[in-house]
Amino acid sequence: MNKNLLAASAATLAMALTVASCGNASDPKLNQTGATPDLPKVNETLVPPMKISPPAGWNGETPTVPQGFTIAPFATDLKIPRQMLVLPNGDVLIAEGRGGHAPPLRPKDMIAGVIKKQGNTKIKGGNRITLVRDANNDGTPELRTVLVDNLDAPYGLAYVDGYLYVAEQGALVRFAFQPGQTGIATPAERVTALPSRINHHWTKSLTASADGSKLYVGTGSNSNIGERGIAVEEERATVWEIDRATGARRTIATGIRNPTALAIEPTTNLLWSVVNERDELGPQLVPDYLTQVRDGAFYGWPYSYWGQNRDPRVMPQNPEMVAKAIKPDYALGSHVAALGLDFARNGGFGGPFANGAFIGMHGSWNRQDPSGYKVVWVPFNAGRPAGQPVDFATGFLKDGKARGRPVGVAFDGNKRVLFVADDLSNTVWRIAPAR
């Protein structure tokens, strides 16, 4: 950081924290979920409203789940669990780590960084993948081991035809691997480099197509709205399709600001993503969203949001790109920080939780009334969202303090179990029907 920026940041930090704590209140009458969310007027401020719920332990308590379900820790004392993968034999893989090396660009970047850190774990990221085995599905694992370590901020995971694919912050790599193995000794084979310059959004989401022939990688933007310049945004805010046999890749979606998790909807085999939208337009702009990733689609970033709503801060303007922008499928609420996505399979949990998507919401930092901090269920019908979201795991926020922050979710359709990664308490939770 240069001296002028440091001096400006130090001079304004105390004032900014005070200003941020007095941000405009949200309007509870607005409905910001579903296909047609309410979008208020832009409310840009010098310093956006900011509030982090300070961490607090669970102290023997657990998250709250619907009647008829139980929840308990499945793995504890992890090192920042992010995304998970259920293998064909039922073993659960957990990617652990923290990445990113983007320097602050503006005084408000430093201010936001200070505030965000107040709500994060102090544990150092593991840069590893942990394997947990619960063969008899009684909720008490009989094996936990480090499958592979010394990785570079692993995040997205996929398994196809004898290979474990790992999306690190700078490359997609693979390991020869068969379910049942409890360790990997062979070195990683690089499939392709991933955009890693600056890495403002370092996480790289990953999933495989239903037939295993393609891999999909999501890469977030290098800024909020392009303030670092267009050069550092090359192949950012995109979803790539990679041919697994040849390694050839193409960009299938652009303007998708931060596609933090990817998953295949099982009744249509179509690709979906949860996406974190831009900040600093007010506590209720812009809604994060769930959307089918359409081939060739432009989702607006940075020029517009929720279709063709122009972002007045972006210079120079680009009316042609705004005209191309399509609306996402389903709003999840503003600043909920959706980081996890998986679909129910094999009938899910049955009843109202038979067909739909589980979404992990990490929680807001940039509004005075916190949003997110929970896992929600979005019901689907005929491969499309069909109804309002339903709270499925809550209690991560209590009395203004955060006991946990959900990240990845993984549904085991054979055992009828949902796993939830919590990177604040460094726990993976297991949710199952009560016996």
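The values are calculated or read from the model by the stated rules, or taken from the named source; none is laboratory data. Just so it is clear, the model here is predicted, and its values are computed rather than measured. Note: ideal-geometry Cβ built from the backbone for every residue, glycine included; neighbour counts use all protein chains shown. Remember, those area values only see protein heavy atoms, side chains included, never the ligands or the DNA or RNA. Shrake-Rupley method; radii C 1.70, N 1.55, O 1.52, S 1.80 Å.
Restricting attention to segment 149-168, the residues being closer than 15 Å to Ala95 by Cα, of a type outside the set (Phe, Trp, Tyr) and open to solvent by 40 Å² or more (accessible area, probe 1.4 Å) number 3.
Checking each residue in segment 288-338 for being of a type in the set (Asp, Glu) and closer than 19 Å to Glu227 by Cβ picks out only Asp311.
So for segment 126-139 (the condition being closer than 26 Å to Trp240 by Cα, of a type outside the set (A, V, I, L, M) and either modelled with pLDDT under 95 or not in a strand (DSSP E or B) (or both)), does at least one residue qualify? Yes, segment 126-139 has at least one match.
The residues in segment 216-263 that are over 21 Å from the mean Cα position of the chain (by Cα), of a type outside the set (Gly, Ala, Ser) and over 21 Å from Arg190 (Cβ atoms) can be counted, and the count is 4. For Thr76, the test of being of a type outside the set (Asp, Glu), in contact with a Ser or Thr (Cβ under 9 Å, 6 or more places away or on another chain) and within 25 Å of Leu147 (Cα to Cα) is passed. Candidates are the residues of segment 364-386 that are at pLDDT below 95 and out of contact with any His (no Cβ under 6 Å at 6 or more places or on another chain); the one that is surrounded by the fewest Cβ atoms within 10 Å (Cβ to Cβ) is Asp369. Restricting segment 169-197 to residues that are surrounded by 20 or more Cβ atoms within 10 Å (Cβ to Cβ) and in contact (Cβ under 8 Å) with a residue 60 or more places away in the chain leaves a set whose member that is nearest to Gly408 (Cα to Cα) is Gln169. Residue count for segment 387-403 satisfying the condition of being closer than 22 Å to Pro287 by Cα, buried (at least 19 other Cβ atoms within 10 Å of the Cβ) and not aliphatic (A, V, I, L, M): 3. Residues that are crowded, with 17+ Cβ neighbours inside 10 Å and in a strand (DSSP E or B) within segment 232-257 comprise Thr238, Val239, Trp240, Glu241, Ile242, Arg249, Ile252, Ala253, Thr254, listed in sequence order.
Residues are listed down the side, and each one gets a yes or a no for (1) aliphatic (A, V, I, L, M); (2) closer than 15 Å to Asn258 by Cβ; (3) under 19 Å from the mean Cα position of the chain (by Cα):
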{"residue": "Leu271", "(1), (2), (3)": "yes, no, yes"}
{"residue": "Val275", "(1), (2), (3)": "yes, yes, yes"}
{"residue": "Asp279", "(1), (2), (3)": "no, yes, yes"}
{"residue": "Tyr299", "(1), (2), (3)": "no, yes, yes"}
{"residue": "Ser304", "(1), (2), (3)": "no, no, no"}
{"residue": "Gln308", "(1), (2), (3)": "no, no, no"}
{"residue": "Gln317", "(1), (2), (3)": "no, no, no"}
{"residue": "Ser334", "(1), (2), (3)": "no, yes, yes"}
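The set of residues in segment 308-323 being out of contact with any strand residue (DSSP E or B) (no Cβ under 8 Å at 6 or more places or on another chain) and either of a type in the set (Lys, Arg) or closer than 26 Å to Phe358 by Cβ (or both) consists of Arg313 alone. Given the condition of a type in the set (Val, Ile, Thr), exposed (fewer than 15 other Cβ atoms within 10 Å of the Cβ), at pLDDT 70 or above and within 23 Å of the chain's Cα centre (by Cα), answer yes or no: does some residue in segment 82-102 qualify? The answer is no; no qualifying residue exists. The set of residues in segment 404-416 that are assigned to a loop (DSSP other than H, G, I, E, B), out of contact with any His (no Cβ under 6 Å at 6 or more places or on another chain) and either of a type outside the set (Gly, Ala, Ser) or open to solvent by 40 Å² or more (accessible area, probe 1.4 Å) (or both) comprises Asn414, Lys415, Arg416. When segment 342-362 is filtered for residues that are touching a strand residue (DSSP E or B) at 6+ places or on another chain (Cβ under 6 Å), open to solvent by 10 Å² or more (accessible area, probe 1.4 Å) and either charged (D, E, K, R) or more than 19 Å from Ile71 (Cβ to Cβ) (or both), the ones remaining, listed by number, are Asp342, Asn355.
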